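We did not get these values from a lab; they are worked out from the coordinates using the rules stated. Please read all numbers here as calculations on a predicted model, not as lab measurements. Reconstructed Cβ throughout: ideal geometry from the backbone, glycine too, with neighbour counts over all protein chains shown.
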Amino acid sequence: FKKDGCNIFEFMTLSNQRECRRLIIDIVLNSELSRHFSLITTLKTKLGNSFPTESLEDRTLLLSMCLRMSDDFKVVRDGRKSSPDLWTICLTNTSVSDIEKQLDIPISKFKDRVTTNKAKAYLNYINVVSMPLYSTFMILIQDDEVNNTIMKEGIIKNKKMLE
């Protein structure tokens, strides 16, 4: 904030700055996979009502879903550019499984970089995380062309390639 012209909050009231900061924090925290299913459930519930409204809660939900989708967009991209090997390198390249092996405790699901079937793990991720995320959000979009591009030309095409 010390350099002139770099403070995006400069012209906001202190109250608006705090609200914006809280919104950003909530959205980022909601991007965690641990909150994924509760976000989808909340969105599905709200879709049955008059949604979205101007409420901060609805705005936070929509922005959180958008951030989750942008973070998850690898499943929509052309499978040749976003292969399961690239994705599962991040998923399985962790010292957690090494520590679990050393402690002789069960290794977390999909974390063993030796025995994990990368294509199967990626396919499971698409089925359990990505498909519900995008199919639920597409209800809001109500655009057949966008839906077709994302679902059929992206996710479903990548699923078939993995199967």
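What the table shows:
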item: Whole-Hz couplings from phi, Karplus 6.51/-1.76/1.60, listed for the stretch 141-158; x for Gly and Pro; result: 5, 6, 9, 4, 5, 5, 4, 4, 5, 6, 7, 7, 7, x, 4, 5, 5, 5
item: Estimated FRET transfer efficiency when R0 is 30 angstrom, pair R35-K152 (beta carbons, to 0.05); result: 0.60
item: From phi via Karplus (6.51, -1.76, 1.60), per-residue ³J(HN,Hα) for the stretch 48-63 in Hz, x at Gly/Pro; result: x, 10, 7, 9, x, 9, 8, 5, 4, 4, 5, 5, 4, 4, 4, 5
item: Difference of contour (0.36 nm per residue) and Cα-Cα distance, N124 to I139; result: 3.1 nm
item: Length gained when the stretch T115-S15 is fully extended (0.36 nm per residue, less Cα-Cα span); result: 30.8 nm
item: Violating pairs (Cα-Cα greater than 25 angstrom) within the set K101/K159; K44/K118; K46/K118; K74/K118; K101/K160; result: K101/K159; K44/K118; K46/K118; K101/K160
